[in-house]
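Peer 1: One structure follows; several queries about it will come next.
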Amino acid sequence: MGSLLSLGGRKVSSLLCLEYFPFPCHHWLSHSGSGHKCLHICCLLCDTTCCKKWDLLGFEPATLQLLTTSWWLIANAIPDLPQCFQLTVLAWTPCVYLWLVSPLYLFYLKRNSKGYIMMSVLNRVKTIFGLILWLVCWTDLFASFHEMQQGHVRPPVYFVTPLILGMTMLLATFLIQFERLRGVQSSGVLFIFWVLSVLCAIVPFRSKIIYAGREEGVSDKLRFTTFYAYFSVTVAELILSCFNEKPPLFSNVATDPNPCPESTAGFLSKLTFWWFTSMAIKGYRSPLESKDLWSLNKQDTSELVVPNLLGEWEGEKVKAQRYSQAMYSKPAVESNHVGTSPEEVEVLLAGGKGVRQPSFLRALLKAFGPYFLIGSAFKLLQDLITFINPQLLRMLIEFTKETGMPSWWGFSLAFMMFGCAVLQTLILHQHFQYCFVTGMRLRSAIIGAIYRKSLVITNEAKRSSTVGEVVNLMSVDAQRFMDLTTFLNMLWSAPLQIILALYFLWQTLGPSVLAGVAVMVLLIPFNAVIAMKTKAYQVEQMQHKDMRIKLMNEILNGIKVLKLYAWEVSFREKVLQVRQKELAVLRKAAYLGSLSIMAWTSAPFLVALTTFAVYVSVDENNVLDAEKAFVSLSLFNILRFPLNMLPQVITSLVQVGVLFPSLLVDALDESLMQRAVFLMRALNFIVNGKFSWAKKDRPALHNINAMVPQGSLLAVVGHVGCGKSSLVSALLGEMENLEGEISVRGSVAYVPQQAWIQNATLRDNILFGKPYVEQKYRCVLNACALTPDLDVLPGGDQTEIGEKGINLSGGQRQRVSLARALYSEADIYLLDDPLSAVDAHVAKHIFDNVIGPEGALRGKTRILVTHGISFLPQVDNILVLVEGTVSEMGSYQDLLKQNGAFAEFLRNYSLEDIIEDDDNPKAMSVRRRRCSERRHGELVQEKKKVQVEKLIQAETAETGRVKFSVYWDYAKAVGPLLSLFICFLYAGQSAAAIGANIWLSQWTNDADDSARQENVHMRVGVYAALGISQGTMVMFSSFTLALGKIQAARKLHQGLLDNKFHTPQAFFDTTPIGRIINRFSKDIYVIDEALPSTVLMFLGTVFASLATMIVIISSTPIFSVVVGPLALIYFFVQRFYVATSRQLKRLESVSRSPIYSHFSETITGTSVIRAYGRNGDFVLMSDMKVDENQKSYYPGIVSNRWLGVRIEFIGNCVVLFAGLFAVLGKEKLSPGLVGLSVSYALQVTMSLNWMVRMTSDLESNIVAVERVKEYSETPSEVQAPWEVENKKPPNEWPPEGNVEFADYSVRYREGLELVLRNISLKVKGGEKIGIVGRTGAGKSSMTLCLFRLLEAASGEIIIDGVKIAEIGLHDLRSKLTIIPQEPVLFSGTLRMNLDPFEKYSDDDIWNVLKLSHLHKFVSNQPAKLDLECSEGGENLSVGQRQLVCLARALLRKSRILILDEATAAIDLETDDLIQSTIRTQFEDCTVFTIAHRLNTIMDYTRVLVLDKGQIAEFDTPTNLIAQKGIFYGMVKDAGLA
């Protein structure tokens, strides 16, 4: 259309007025012979004489065709197109489209069949109509032949057009049927064809009526009739193609309970995303729940997506190998060295570029490229359409200038702008849909790939990246990849848009554009530098963040220990130090960000300013009129986006390219997983085995020779850290096999030392994927002494076990783990010390019923690591390990005869008579009863209930709108005055922008003014001043926002952290750690980064939209009439969208955590999962969780598209009305004002869309503040400050260590039963008290009370005359010492683990290491005291960790020491050493010991027997044995009496 107004680059606007039309311009247009042919085809076909006389004028024929058309168009008040044009171009357009598209479409249908659709009424009608159209077209053709026979010759067009049309209709009919056979329910190709057909037929439809009216009657009745028949049937076809066919036979739509309506939606519905409306309405009426979500489309599920990617990746690796081999073989041939060693070749290769890495990016492109390309095609279309509107704007401004132009031309321009904008909207959102779906598939594929590989990853690889890092890779980095797909097309689209924009600008302003281009080119490096710096900061900040999360993870895992040791302050400081660094980086990044925002906002303005200034200064004749100014402005606005995005996309590509492949390739590297392959061959033996945990490490086991006959029971014994667990791991293939060979025959069941429990029901934990057999299951429960526990658990064996088995006691967890092994019926059982965690009598029961010669596993091969001497006589063989080698091996009797180290050891410890007294029914019944009274009887039940409630609470806490108080909380954190100031600055910058544009419109009105030359400098100056003030305000507003956001981030994090350190232990028992970590990672990340940028964009878009409305209303006041209805529609769409999208986001984040918790659960249990060979099932579980998450993510994407289409439609209406009112008020408006209001309207679409999006994002991001607030306000430890100033005990307190319980009762939480009831006892300083009792009797609770982890329900505890309830918690806890049941170490140096406050000298520390028997181990380490402990102390054995805890206690050396089952994981000899250390070092201290091994407390001053929370017996051991009460029964069971 633009070319109507400039013929051959010259201005012909005068041509368009009728008076000038016939002759005056022939001397402008030189005649050149080219193009004659094209014109004459048209003329010959039509046989019209319209062109003949023009030819004489010497016009270029192509121009001439245009002239005739435009003349017809604009000459008349009633416009019309020439018949020649109607019969050719209009008739052929739909046909050309269909014939061009068909081959591709047919190829696509052949490749993708969705099944077969039964013939329906709709289909029959469509087909019949298609045939009728063919008949109608050919009726015309035969009529022409008939006339020819009659001697009335018609021009060729009367033969050609009906022939082409008829064949096209046959093609369309064929497509209707072919689509049915290939399962297409609604055809886009045919829909577009029918739309084009109807649109092209409307012109002749109107012309024929006009002619008929003018000529009184119809000359050619037949063609008149056939045309209207053709028109009606085409319209009918169009209407029919809006409806859908039924789904294909046997499609999964029929079987799926809640299929996604997209698969059955029609073309129109897909185009406008109408199919999503049902969910938007449902979400508006009531908050969506996961049951409302649609199933995932088959092609988006992990089941299809992951194998696709992995397949491509395998292919890449094979290629890389081939390439490397080819390169490898070359040097060997060409080598003129004699005997080049392979190592040298490798070095040579590494030096060259020979070794080709498999490219992960290439694998991704192959897997997801083709689908993504469809999106790219849409993007190309959209880019081209974008440039039509500025041209239409130019014509509109032209139109307002010219007087006497017919107003229909103005209206049609307004409608054309509207049509273009609508088309652009639809195409753009299709592009986005394709990109986002690609991104979604990419994320599924990456998570799936990482998960599959993590199941087969080695310990060495595991060590190099913590669970946290891999989870980060899965969550944050996979997300980044996903975000990148949406912008990837900008790589080619941005340069294309820039080139097109510059071309049109050159057309408008000539060479002056170069000045503007220069400014842009200068801005690009500026933006790029900022982007690169920002990325560098981001990487640095990620490191700090990882560090902080890792630290928090450990702190939360060991929170109980921190509380017991009163170490919170030290760890709080550690976290705050990391946080401080993190915020420092954030601040730098924020300042950079505000510079880049300034550049982003000011770029179009600076470009416009320089271009206009140069344009008016270069030549006095250059006039800046409205047309030039506003068309250029709208082109500059188009330029803004690509210019900004290009550097960003390139840097994020670089970043993802740097970050991702290396991490992923590491995570996916096969060489890390060559193990676990040698399982399942021949007999069970190890010959000359040498094993280490990583290739680079020292061997942990060497010279191992062992053979285990089929069906025998082998016991493995030895000191702490001698390699017993390593031996089991070696048999499982979990270690690097450095030399020797190993063979394990048959399937394996493995019971690790620390039981691995899934977050599933108790029954699922035991079945572990095996089918449920009632009889077998009951036997297993009985054998593992689990039956009594079921009565205690609230849901029996359907009780859900929390993560890490949180609601089971240590013994219960171990027995569940054993039950799992027993149920699996494997050939070989590897039992890594399963008996240490259970009480002596339970251990005996399990040995007798499961492991021993009479147990359920008799006849199976069993390898049992144990510290229990009493079982050794009953085993077939014993293997003694000393410092990683086998010192002796043989049966119990053989070893005693050999008189080696083992015999010596046995003589010292053997309890004179290891007699079993099973005939005594009383003992049996006592034992049975003991099993049943498991630990925390009622407690577990209550705890479980609370946990369930808690889970539900966390989900329901946030539905509906976010309360205003939450926004206010954030504003308070930013600072209320600062918040106001920020808003003020935003208003200021919008005002400045409007000012600059109004000034520009005034300036363009100078065009007619004679004095314009004098004004130029003033005009340019004021324009510049307004623009620069806008830029400055933008910068200041983002600066202040940056300050505010850092302040808010610091305050909110500090509040959360302080509260968590003060929160009572009960909270951590009932809240999964993942949920707390989520607050510290995801939510704090949102508050740090996502929320501020959302606020920034939100304020920006709100003020931009307001500015647009103000400008349009001020230039055309009548526009205010439309604002009301449009605002109303806008409001409704926004409410629907926000309600639905907010809930979808919540569902998405709720379903996201199970992916990661399942993943970390898997990582911790890989050895178990591998041993049982359950990799496949776990992969399936992970895929299900990912798909479940994508189920809520997908509607989330679509909701954005749904919104976009609707909101942009409102924006397009704004464009339409701005245009219409400009046409209506043409007489009153200056061209400058028209340009101003319409160019503003063209921008409004974007800001309206973003405004809703930002409102929604703001709502969903502010939820982070809500969640952090929620956890910053959990009740602190019952009004107990860490220190009470006026009640500080003296430094040397407690001087003696007297402890008194006075009528003391305690419960775990409000509303629960009492755990201890009315305990009264006095302990003198220096006494040694042993505490025994059945599980759940309240032994541990009693020690927790001393530390006030549990607060008294009634009564009090007095230590040396001080009531402990009155002093500060730290004052109390720092004066007591505990060696807890579970040894907890933190990652950091060994020194830090012993002395976090750095109070003691190195000598002190070496001294306690000697006493705790770690001296040898530590002095052998190269790093000595700086030995790095890994996360949770994984690189030390459980026994060594326990010794570290002993060293801590020795270092603190307080008057009161509590041992909580502290020696369960230690062999007897070390245990003996520890006991003697405690006796000598803590001789004058008061010691409380909770004992599993009764022999450790037989020489204590007194023994306290607890039963159901009350004191049952309390006296010296000898007296208690004499009384023959509960204690006597226990001693007898342990074989000590």
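The values are calculated or read from the model by the stated rules, or taken from the named source; none is laboratory data. Bear in mind the structure is a predicted one, so any value in this text is a computation, not a measurement. Please note: Cβ atoms are built from the backbone with ideal geometry, for glycine as well, and neighbour counts cover all protein chains shown. Heavy atoms of the whole protein, side chains included, go into the accessibility calculation; ligands, DNA and RNA do not. Shrake-Rupley method; radii C 1.70, N 1.55, O 1.52, S 1.80 Å.
Peer 1: Just to be sure before I move on: is VAL195 surrounded by 14 or more Cβ atoms within 10 Å (Cβ to Cβ) and modelled with pLDDT under 90 in the structure I sent?
Peer 2: Values: surrounded by 14 or more Cβ atoms within 10 Å (Cβ to Cβ): yes; modelled with pLDDT under 90: no.
The answer is no for VAL195.
Peer 1: Looking at GLU554 and the list (1) of a type outside the set (Gly, Ala, Ser); (2) in contact with a Ser or Thr (Cβ under 8 Å, 6 or more places away or on another chain); (3) open to solvent by 70 Å² or more (accessible area, probe 1.4 Å), which single condition is not satisfied?
Peer 2: Result: GLU554 passes all but (3).
Here is a yes/no grid of residues against (1) in a helix (DSSP H, G or I); (2) free of Cβ contacts under 8 Å to residues at least 24 places away in the same chain; (3) open to solvent by 40 Å² or more (accessible area, probe 1.4 Å); (4) among the small types (Gly, Ala, Ser):
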site: LEU1128; (1), (2), (3), (4): yes, yes, yes, no
site: GLN1143; (1), (2), (3), (4): yes, no, no, no
site: SER1151; (1), (2), (3), (4): yes, no, no, yes
site: SER1167; (1), (2), (3), (4): yes, no, no, yes
site: PRO1195; (1), (2), (3), (4): yes, no, no, no
site: VAL1214; (1), (2), (3), (4): yes, no, no, no
site: LYS1228; (1), (2), (3), (4): no, yes, yes, no
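Peer 1: Got at least one residue in the stretch 1258-1274 being open to solvent by 50 Å² or more (accessible area, probe 1.4 Å), over 41 Å from the mean Cα position of the chain (by Cα) and at pLDDT 80 or above? Spell out how you get there, then give the answer.
Peer 2: Filtering the stretch 1258-1274 down to residues open to solvent by 50 Å² or more (accessible area, probe 1.4 Å) leaves 1269-1270, 1273.
Still in the running and over 41 Å from the mean Cα position of the chain (by Cα): none.
No - not one qualifying residue is present in the stretch 1258-1274.
Peer 1: Let me ask something additional. Could you identify the single residue in VAL886, VAL838 that is surrounded by 19 or more Cβ atoms within 10 Å (Cβ to Cβ) and modelled with pLDDT under 85? Give the derivation first.
Peer 2: On the way: VAL886 fails: modelled with pLDDT under 85.
One residue alone meets the criteria, VAL838.
Peer 1: Looking only at the stretch 1289-1303, filter to residues that are touching a residue at least 24 places away in the same chain (Cβ under 8 Å) and of a type in the set (Asp, Glu); which one of those is least open to solvent (accessible area, probe 1.4 Å)?
Peer 2: Filtering the stretch 1289-1303 for residues that are touching a residue at least 24 places away in the same chain (Cβ under 8 Å) and of a type in the set (Asp, Glu), the one least open to solvent (accessible area, probe 1.4 Å) comes out as GLU1300.
Peer 1: Going through the stretch 185-204 one residue at a time, which ones are out of contact with any Pro (no Cβ under 9 Å at 6 or more places or on another chain) and not in a helix (DSSP H, G or I)?
Peer 2: Passing the criteria: SER186, SER187.
Peer 1: Could you tell me whether ASN1078 is open to solvent by 10 Å² or more (accessible area, probe 1.4 Å), closer than 30 Å to ALA1352 by Cα and not in a loop (DSSP other than H, G, I, E, B)?
Peer 2: It is false that ASN1078 is open to solvent by 10 Å² or more (accessible area, probe 1.4 Å), closer than 30 Å to ALA1352 by Cα and not in a loop (DSSP other than H, G, I, E, B).
Peer 1: Condition first: more than 27 Å from LYS366 (Cα to Cα), part of a helix (DSSP H, G or I), open to solvent by less than 20 Å² (accessible area, probe 1.4 Å) and not aliphatic (A, V, I, L, M). Can you find one or more residues in the stretch 303-320 that meet it?
Peer 2: Initial filter on the stretch 303-320 (more than 27 Å from LYS366 (Cα to Cα)): none.
Scanning the stretch 303-320, I find no residue that is more than 27 Å from LYS366 (Cα to Cα), part of a helix (DSSP H, G or I), open to solvent by less than 20 Å² (accessible area, probe 1.4 Å) and not aliphatic (A, V, I, L, M), so the answer is no.
Peer 1: For the stretch 238-264: of the residues being hydrophobic (A, V, I, L, M, F, W, C) and at pLDDT below 85, which is surrounded by the most Cβ atoms within 10 Å (Cβ to Cβ)?
Peer 2: Start the filter on the stretch 238-264 by keeping residues that are hydrophobic (A, V, I, L, M, F, W, C), which leaves 238-240, 242-243, 249-250, 253-254, 260.
Next, from what is left, pick out any that are at pLDDT below 85: 249-250, 253-254.
Numbers: LEU249: 11, PHE250: 11, VAL253: 18, ALA254: 11.
My answer is VAL253.
Condition check ((1) in contact with a Ser or Thr (Cβ under 6 Å, 6 or more places away or on another chain); (2) at negative phi; (3) assigned to a helix (DSSP H, G or I)) across all residues:
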{"site": "VAL962", "(1), (2), (3)": "no, yes, no"}
{"site": "VAL966", "(1), (2), (3)": "no, yes, yes"}
{"site": "ASP969", "(1), (2), (3)": "no, yes, yes"}
{"site": "ALA973", "(1), (2), (3)": "no, yes, yes"}
{"site": "LEU980", "(1), (2), (3)": "no, yes, yes"}
{"site": "TYR986", "(1), (2), (3)": "yes, yes, yes"}
{"site": "ALA996", "(1), (2), (3)": "no, yes, yes"}
{"site": "GLN1002", "(1), (2), (3)": "no, yes, yes"}
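Peer 1: Please verify whether the stretch 1244-1253 includes one or more residues that are open to solvent by 20 Å² or more (accessible area, probe 1.4 Å) and in a loop (DSSP other than H, G, I, E, B).
Peer 2: no
Peer 1: Let me ask something additional. Just the residues that are aliphatic (A, V, I, L, M), open to solvent by 20 Å² or more (accessible area, probe 1.4 Å) and either in contact (Cβ under 8 Å) with a residue 40 or more places away in the chain or in a loop (DSSP other than H, G, I, E, B) (or both), please, taken from the stretch 154-166.
Peer 2: VAL160, ILE164, LEU165
Peer 1: Looking only at residues in the stretch 992-1043 that are open to solvent by 30 Å² or more (accessible area, probe 1.4 Å) and among the acidic types (Asp, Glu), which one is modelled with the lowest pLDDT?
Peer 2: Checking each candidate, the answer is ASP1009.
Peer 1: Counting only residues that are part of a helix (DSSP H, G or I), without any contact (Cβ under 8 Å) to a residue 24 or more places away in the chain and surrounded by fewer than 19 Cβ atoms within 10 Å (Cβ to Cβ), how many does the stretch 1355-1376 have? Quick ask: steps written out before the conclusion?
Peer 2: First, pick out the residues of the stretch 1355-1376 that are part of a helix (DSSP H, G or I): 1364-1366, 1369-1373.
If we keep only those that are without any contact (Cβ under 8 Å) to a residue 24 or more places away in the chain too, we end up with 1364-1365.
Narrowing the set further to residues that are surrounded by fewer than 19 Cβ atoms within 10 Å (Cβ to Cβ) leaves 1365.
Residues meeting the conditions: 1.
Peer 1: On to the next question. Is at least one residue of the stretch 1449-1456 closer than 17 Å to GLY1330 by Cα, modelled with pLDDT under 85, open to solvent by 50 Å² or more (accessible area, probe 1.4 Å) and in contact with a Cys (Cβ under 9 Å, 6 or more places away or on another chain)?
Peer 2: Taking the stretch 1449-1456 as the starting set, the residues that turn out to be closer than 17 Å to GLY1330 by Cα are 1455-1456.
Next, only the ones that are modelled with pLDDT under 85 stay: 1455.
With open to solvent by 50 Å² or more (accessible area, probe 1.4 Å) added as a condition, the list becomes 1455.
Of the ones still in play, those that are also in contact with a Cys (Cβ under 9 Å, 6 or more places away or on another chain) are 1455.
Yes, the conditions are met somewhere in the stretch 1449-1456.
Peer 1: Looking at SER712, is it modelled with pLDDT of 85 or more and surrounded by fewer than 20 Cβ atoms within 10 Å (Cβ to Cβ)?
Peer 2: Numbers: modelled with pLDDT of 85 or more: yes; surrounded by fewer than 20 Cβ atoms within 10 Å (Cβ to Cβ): yes.
So SER712 passes the test.
Peer 1: Inside the stretch 265-295, can you point out the residues that are among the aromatic types (Phe, Trp, Tyr) and either open to solvent by less than 60 Å² (accessible area, probe 1.4 Å) or touching a His at 6+ places or on another chain (Cβ under 6 Å) (or both)? First the steps, then the outcome.
Peer 2: Filtering the stretch 265-295 down to residues among the aromatic types (Phe, Trp, Tyr) leaves 267, 273-276, 284, 294.
Within the stretch 265-295, PHE267, PHE273, TRP275, PHE276, TRP294 meet the criteria.
Peer 1: Here's another thing I want to ask about it. Filter the stretch 387-404 down to residues that are in contact (Cβ under 8 Å) with a residue 12 or more places away in the chain and open to solvent by 20 Å² or more (accessible area, probe 1.4 Å) and give me whichever is nearest to the chain's Cα centre (by Cα).
Peer 2: Taking the stretch 387-404 as the starting set, the residues that turn out to be in contact (Cβ under 8 Å) with a residue 12 or more places away in the chain are 387-402, 404.
With the extra rule that they be open to solvent by 20 Å² or more (accessible area, probe 1.4 Å), the set shrinks to 388, 391, 394, 398, 401-402, 404.
On the way: ILE388: 38, GLN391: 42, ARG394: 46, GLU398: 51, LYS401: 55, GLU402: 57, GLY404: 61 Å.
Ranking the candidates gives ILE388 first.
Peer 1: Which residue, of ILE878, ILE828, ILE846, is touching a residue at least 24 places away in the same chain (Cβ under 8 Å) and either closer than 27 Å to ARG1334 by Cα or of a type in the set (Lys, Arg) (or both)?
Peer 2: On the way: ILE878 fails: either closer than 27 Å to ARG1334 by Cα or of a type in the set (Lys, Arg) (or both); ILE828 fails: either closer than 27 Å to ARG1334 by Cα or of a type in the set (Lys, Arg) (or both).
Criteria check complete, one pass: ILE846.
Here is a yes/no grid of residues against (1) at pLDDT 80 or above; (2) under 57 Å from the mean Cα position of the chain (by Cα):
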{"site": "ASN1495", "(1), (2)": "no, yes"}
{"site": "GLN1510", "(1), (2)": "yes, yes"}
{"site": "PHE1527", "(1), (2)": "yes, yes"}
{"site": "LEU1536", "(1), (2)": "no, no"}
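A quick yes/no check of all residues on (1) more than 15 Å from CYS137 (Cα to Cα); (2) within 57 Å of the chain's Cα centre (by Cα):
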{"position": "SER187", "(1), (2)": "yes, yes"}
{"position": "ILE192", "(1), (2)": "yes, yes"}
{"position": "ALA201", "(1), (2)": "no, yes"}
{"position": "PHE205", "(1), (2)": "yes, yes"}
{"position": "GLU216", "(1), (2)": "yes, no"}
{"position": "THR226", "(1), (2)": "no, no"}
{"position": "PHE231", "(1), (2)": "no, yes"}
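Peer 1: A follow-up question, please. How about the stretch 1314-1354: which of its residues are over 30 Å from ALA785 (Cα atoms), of a type outside the set (S, T, N, Q) and open to solvent by 40 Å² or more (accessible area, probe 1.4 Å)?
Peer 2: Scanning the stretch 1314-1354 gives LYS1322, LYS1324, GLU1351, ALA1352, ALA1353.
Peer 1: For a quick check of your reading of the model, give me the residue pairs whose first member lies in the stretch 443-471 and is under 22 Å from ILE549 (Cβ atoms), whose second is modelled with pLDDT of 70 or more and acidic (Asp, Glu), with beta-carbon atoms closer than 6 Å and at least 6 apart or on different chains.
Peer 2: That search, which allows pairs on different chains as well, returns THR466/GLU1431.
Peer 1: Being open to solvent by less than 10 Å² (accessible area, probe 1.4 Å) and either closer than 23 Å to GLY855 by Cβ or in a helix (DSSP H, G or I) (or both), is that true of even one residue in the stretch 790-803?
Peer 2: no
Peer 1: Of the residues in the stretch 1409-1424, how many are part of a helix (DSSP H, G or I) and open to solvent by 10 Å² or more (accessible area, probe 1.4 Å)?
Peer 2: Taking the stretch 1409-1424 and keeping what is part of a helix (DSSP H, G or I), we get 1409-1411, 1415-1420, 1424.
So of that shortlist, the ones also open to solvent by 10 Å² or more (accessible area, probe 1.4 Å) come out as 1410-1411, 1415-1417, 1419-1420, 1424.
Adding up the residues that qualify gives 8.
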